[in-house]
Amino acid sequence: LQRALERKYLDAESTFVPLFKKLARAFLGVDLDISLVTAQPAGVNLQIEMRGNARRKQSQLSESQRFFVDIALRMALAQYISDPTSLATLFIDTPEGSLDIAYEDRAGLMFANFVKSGHAMIMTANINSSKLLTTLAQSCGASSMTIVQMTHWTELSDVQSKAESMFRDAFAEIEAALTATDLLDADTLGV
């Protein structure tokens, strides 16, 4: 079984690994490699390398890096196993609050790369000062992204009601990013 798994991985490596590396690089900003490593006495593991250093333990990546590299892996698997006539849809609940400011827009770019490959994504996200959603909107435009305000689906808490203008401002910023992208695309096409 192990040898059969290793052969199957080698067959997939030339297609799957580049998909994963592209998505992970969009988030991390550095090249990342993945390889299949045989464990002793039996078994196999996927091993990640960053800047030539193997990351064998979860603790060698930050929590947000682990989470978003895992998402990149799932996106690459979805792209790899999807039939071209029936592309994958990925459901994601993002912990964007765990990202530091340097990675917020990079996560948005990684998500946009997946969507631009023709696959769909349904994502729940808290509306906050994070640039993840704004970057995603700027990269995708209204033709590839729809935002649904779930705050209309429930009764807001007193805290949320008092901050309703903050929600409106955040949604307006995202909508402006969506519109600006479509206007830029129209200008580029001479429309």
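Each helix, a run of at least 4 DSSP H residues, gives -39500 (n - 2.57); summed and divided by the residues of the chain, these come to -18000 deg cm²/dmol at 222 nm. From the residues I174, F67, G108, which one has its Cα farthest along the dipole of the chain in the positive direction, the dipole being from +1 and -1 charges on Cβ of Lys/Arg and Asp/Glu about the Cα centre? Working it through, the farthest residue towards the positive pole turns out to be F67.
Computed over protein heavy atoms with a 1.4 angstrom probe, the accessible surface ordering of M123, M75, M166, largest first, is M166, M123, M75. Rounded to the nearest Hz, the phi-derived 3J(HN,Hα) couplings of the stretch 6-23 under the Karplus curve 6.51 cos²θ - 1.76 cosθ + 1.60 (θ = phi - 60°) are 4, 5, 4, 5, 4, 5, 7, 4, 5, 9, 5, 4, x, 4, 5, 4, 5, 5, where x marks glycine and proline.
The heavy atoms of E49 offer some 70 square angstrom of accessible surface to a 1.4 angstrom probe.
What percent antiparallel are the DSSP beta bridges of the stretch 13-170, to the nearest 5? Once the DSSP bridges in the stretch 13-170 are tallied, antiparallel ones form about 70 percent. Residues in the stretch 132-146 carry Karplus couplings, in order, of 4, 5, 5, 5, 4, 5, 5, 6, 9, x, 5, 6, 10, 9, 10 Hz; the curve used is 6.51 cos²θ - 1.76 cosθ + 1.60 with θ = phi - 60°, and Gly or Pro positions show x.
Per residue, how large is the accessible surface of the chain? Use a 1.4 angstrom probe and give square angstrom. Present the calculation step by step, with values, prior to reporting the outcome.
On the way: 11890 Å² over 191 residues.
Per-residue value: 62 Å².
With a 1.4 Å probe and every protein chain kept in, tell me what percent of the accessible surface of the stretch 16-109 is carbon plus sulfur. Don't skip to the answer; put the middle values down first.
Values: 2700 of 5380 Å².
Roughly 50 percent, rounded to a whole number.
Ignoring lysines fewer than eight residues from K116 along the same chain, the ones with Cα atoms less than 23 angstrom from its Cα are K21, K22, K131.
The values are calculated or read from the model by the stated rules, or taken from the named source; none is laboratory data. What you see is a predicted model, and the numbers here were worked out from it, not measured in a lab. Please note: Cβ atoms are built from the backbone with ideal geometry, for glycine as well, and neighbour counts cover all protein chains shown. Side chains are part of the model used for accessible areas, which takes the heavy atoms of the whole protein and leaves out ligands, DNA and RNA. Shrake-Rupley method; radii C 1.70, N 1.55, O 1.52, S 1.80 Å.
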